[in-house]
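Structure first, then comments.
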Amino acid sequence: MRRTLTAACLTACLASTVHAQSRATYRVTFDSTWSEATHPVDFPRNPHFSPLVGATHAEPGLIWQAGELASPGMEVMAETGSTSLLLFEISQMATDGMIGIDIVGGPIRLSPGSVSLTFETSSEFPLLTLVTMIAPSPDWYVGTQGLDLRDDGGWRQNIVFDLWPYDSGTDSGTTYTSPNMDTNPAEPIRQIADEFPFTGTPALGTYTIELLSVECAAELDGDGELTIFDFLEFQNLFDAGDPRADFDGDGSLTIFDFLAYQNAFADGC
């Protein structure tokens, strides 16, 4: 049985060489360029952004999606800057296995400005959603909607994402300081880069997403790639009774560790 599994694993390893990346740590820097110089029409006093909030996930459009209705948590975030209800919604999705981690960062108390945060995610949850309210505003915000941190080569090294304004569709105000005017019924989320007061203006800022480090359990020979030599190293560890070969985590070395290692290798980590 072990020889059969060994042959199967060798066949899989010989068939592919992939970059070894299963978990990644990133730093996100939100640089706000929103100012009276860049957006002179109706520019408000005390321009700022609410605390960053979001999550990593696997399913596109999970937290918000242009063309769809905003969730209650997204509505409150976009109208008031409060993150509590949106984080509760994210925690409910995490309970259902749909979320990798929730992400919370600081605000920009006066724009232009900058704020950074770090987070860790896995290849199981490669999409990033991160939003913040444009404040003051009726229900406007900027953010990503399921930005993919991976490409064919593995984890992306550096991403600069332009931040354009969106309307959550829950308030009908047309200026930064419009009084509360609930939209009833609510309308779908839409980008408003071509609408007052943003017509003809640049993005409000950027997210710069930098890869800090990667970790891969299946990459055992230390060369940064998954090859047949990693499987041979696994077999050596297994034969030596080394606990690093316990890939199924049950505390003993069995044929199931071969299967677990083959799965890790096939997943690109």
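The values are calculated or read from the model by the stated rules, or taken from the named source; none is laboratory data. Everything quoted here is computed from the prediction, not taken from an experiment. A quick note on method: Cβ atoms are made from the backbone with ideal geometry, for glycine too, and the neighbour counts reach across all protein chains shown. Just so you know, the surface numbers come from the protein's heavy atoms only, side chains and all, with ligands and any DNA or RNA stripped out. Shrake-Rupley method; radii C 1.70, N 1.55, O 1.52, S 1.80 Å.
Comparison of ALA218, ALA203 shows that the only residue that is of a type in the set (Gly, Ala, Ser) and either over 25 Å from PRO51 (Cα atoms) or open to solvent by less than 10 Å² (accessible area, probe 1.4 Å) (or both) is ALA218. Across the stretch 21-36, a minimum of one residue is classified as touching a helix residue (DSSP H, G or I) at 6+ places or on another chain (Cβ under 8 Å) and modelled with pLDDT under 95. Taking every residue in the stretch 234-259 that is under 24 Å from GLY222 (Cβ atoms) and among the acidic types (Asp, Glu) and pairing it with any residue that is open to solvent by 70 Å² or more (accessible area, probe 1.4 Å) and assigned to a loop (DSSP other than H, G, I, E, B), at least 6 positions away or on another chain, the pairs with Cβ-Cβ distances below 9 Å are ASP257/ASP250. Residue selection: ASP223 satisfies the criterion of being open to solvent by 70 Å² or more (accessible area, probe 1.4 Å), modelled with pLDDT under 90, not in a helix (DSSP H, G or I) and not hydroxyl-bearing (Ser, Thr, Tyr).
State all residues of the stretch 88-116 that are open to solvent by 40 Å² or more (accessible area, probe 1.4 Å) and hydroxyl-bearing (Ser, Thr, Tyr); if no residue qualifies, say none. Passing the criteria: SER91, THR95, SER114, SER116. Quick check: anything in the stretch 228-246 of a type in the set (Val, Ile, Thr) and not in a helix (DSSP H, G or I)? Checking the stretch 228-246: not a single residue is of a type in the set (Val, Ile, Thr) and not in a helix (DSSP H, G or I). Here are some residues: ALA78, ALA70. Which one is modelled with pLDDT of 95 or more, over 25 Å from THR29 (Cβ atoms) and open to solvent by less than 30 Å² (accessible area, probe 1.4 Å)? Just a single option satisfies the conditions, and that option is ALA70.
Put simply, of LEU211, LEU237 the only residue that is over 30 Å from TRP34 (Cα atoms) and among the aliphatic types (A, V, I, L, M) is LEU237.
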